[in-house]
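**Q** Supplied in structure tokens, the structure appears directly below.
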Amino acid sequence: MKYSILGFQQDKLIANKLTVEDAFILRTIKDMYSTSSMDFKDFEGIKYMWINYTYLLAQVPIVGSKRNLMRKIEQYGKDLFILRILEKSRNGKRGNYSYITPTKKLDELQDFDLMTETHKGYDKNDIRVMTESHNKDTSIIDTSIKDNIHSVPVKNIQVKTDLEIAVDDFTEMRKATKKPMTPRALSMLLKKLEELSTDTNTQIKILNQSTMSNWSTIYEVKENKVIKSHFKVD
């Protein structure tokens, strides 16, 4: 079974030494790039988006600081997940302004195959998947930004993985116990989950353990221990 985080394949994230935090940032970048209200500029026929680091940090506060976020964006450029262009002015104001555009390498991290890379034909029984994934996590999507994709000529299929279901169950438990999670709390939880284990099955067990026990946080899996009785034989 193929497990994913925020629409990215876990095995590909691991292979590229990317963390859950990186997945949050990259997903946010892709969501922002797919909207019409961002500031775009054309460079040699390619659409680049201006990165407002203050705004981006507000979407993924788990990164910690603007300097750390800028360092990560620079590294994504070096690893060719994005292309970066630095401009010395914007709207008549001088300064350093960073413009970026996602690359095919970033697209290849996603948990579906792009139709442009499919080499076989389709018949009427084939299911086609979206060429864009829209995550509903309010911690990474600003509802004030309007999506400019009004129609998609493919069928939108959203199938949740077992890990995503476990996360949903945990957050629903928190709501039921009157301790709902904020987007920042969820981000911190996922980071802690990755620190406890990078194995998906173990992560699911960790989440289910807390859900079943009505715990407000997560811990390492506590396996049931068999207690042996010792009898004195005369």
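**Q** Could you grab me the full set of residues in segment 188-224 that are part of a loop (DSSP other than H, G, I, E, B) and basic (K, R)?
**A** Of everything in segment 188-224, just one residue is part of a loop (DSSP other than H, G, I, E, B) and basic (K, R), namely K222.
**Q** If a residue has to be among the hydroxyl-bearing types (S, T, Y) and within 15 Å of I25 (Cα to Cα) to count, how many in segment 67-103 make the cut?
**A** Here is the first cut: in segment 67-103, the residues among the hydroxyl-bearing types (S, T, Y) are 76, 89, 97-99, 101, 103.
If we keep only those that are within 15 Å of I25 (Cα to Cα) too, we end up with 76, 101, 103.
The qualifying residues number 3.
**Q** Taking only pairs six or more apart or across chains, which ones have beta-carbon atoms under 9 Å, a first residue in segment 69-92 that is of a type in the set (G, A, S), and a second residue that is surrounded by fewer than 14 Cβ atoms within 10 Å (Cβ to Cβ)?
**A** Qualifying pairs under 9 Å: S89/G95.
**Q** Right, here's the next one. Can you say whether N91 is farther than 29 Å from T200 by Cα, surrounded by 10 or more Cβ atoms within 10 Å (Cβ to Cβ) and either among the basic types (K, R) or modelled with pLDDT of 50 or more (or both), as far as the supplied structure shows?
**A** No; evaluated as a whole, the condition is false for this residue.
**Q** List the pairs whose first member sits in segment 181-193 and is closer than 12 Å to T19 by Cα, whose second member is in a helix (DSSP H, G or I) and among the acidic types (D, E), and whose Cβ atoms are under 7 Å apart, counting only residues at least 6 apart or on separate chains?
**A** Pairs found: K191/E21.
**Q** Considering only segment 94-105, I want to know if a residue exists there that is at pLDDT 90 or above, of a type in the set (A, V, I, L, M, F, W, C), surrounded by 15 or more Cβ atoms within 10 Å (Cβ to Cβ) and in contact with a strand residue (DSSP E or B) (Cβ under 7 Å, 6 or more places away or on another chain).
**A** Yes: segment 94-105 contains one or more residues that are at pLDDT 90 or above, of a type in the set (A, V, I, L, M, F, W, C), surrounded by 15 or more Cβ atoms within 10 Å (Cβ to Cβ) and in contact with a strand residue (DSSP E or B) (Cβ under 7 Å, 6 or more places away or on another chain).
The values are calculated or read from the model by the stated rules, or taken from the named source; none is laboratory data. Only a predicted model underlies this, so the values are computations on that prediction, with no experimental measurement involved. Cβ: placed from backbone, ideal geometry, glycine included. Neighbour counts: every protein chain shown.
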